[in-house]
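Just below is one structure, and these are the notes that go with it.
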Amino acid sequence: MRPEGPTHWRCLPFDALAAHTLYRLLALRSQVFVVEQRCVFQDMDGADAQCMHVLAECHRPDGVELMAYARLAPAGLKYAEASIGRVVTNPVTRGSGIGHALIRQSVHMLHGLWGAQPIRIGAQAHLQPFYGQHGFEPVGPIYLEDGIDHIEMVRAA
């Protein structure tokens, strides 16, 4: 069942994440990346504290539900370029278009924070068409990361 109500977007530094917000985002990342995708990997990689966190939340009478999330990394942290990573949507939102909204918001917020610049991502290879719709072009070969085919993609400034 999809949550009702409008989606609210926030972009916060790590230190501004309330404990319950941090719990929700780590739970969603674990639910999708570890359980759903059956991928055992070290999600908490030490980079979260240096990143900005994009949150799409639905506020309801019984609480807040995290609908989508992405992590923005400044240039030089993950790649020479700024990057968007840990892109994840709540399974109840699939097919709603929130994934596209998440990428648009992430690009907009990244440029607002650090200026217009190229953005590099390490995308799951099967998602190339999705990211291509947002201006990302594949660069380099497909590589295996945590048992899943990935490819680096860059979006020009």
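Once the Cα atoms are used to define both axes, helix 98-114 deviates from the longest principal axis of the chain by about 70 degrees. Here the sum of -39500 (n - 2.57) over DSSP H runs of 4 or more residues, divided by the residues of the chain, equals -6500 deg cm²/dmol at 222 nm, to the nearest 500. Here's the picture: charge each Lys and Arg Cβ at +1 and each Asp and Glu Cβ at -1 in the chain, and of Phe14, Gly112, Phe136 the one pushed furthest to the positive end of that dipole is Gly112. For the options Ile119, Ile84, Ile98, a Gaussian network treatment of the chain with springs between C-alpha atoms closer than 10 Å singles out Ile98 as fluctuating the most.
Dipole check for the stretch 7-155: with +1 at the C-beta of Lys and Arg, -1 at the C-beta of Asp and Glu, and the Cα centre as origin, the magnitude is about 300 Debye. Computed across the stretch 7-155, the Kirkwood hydrodynamic radius from all distinct Cα-Cα pairs reaches 15.7 Å. Short-range pairs are left out: with C-alpha atoms under 8 Å and at least six residues apart, the relative contact order of the chain is 19 percent.
Since every read-out is calculated from the coordinates, none of them should be taken as a lab result. Note that the structure is a prediction, hence the values are computed from the model and not measured. Reconstructed Cβ throughout: ideal geometry from the backbone, glycine too, with neighbour counts over all protein chains shown.
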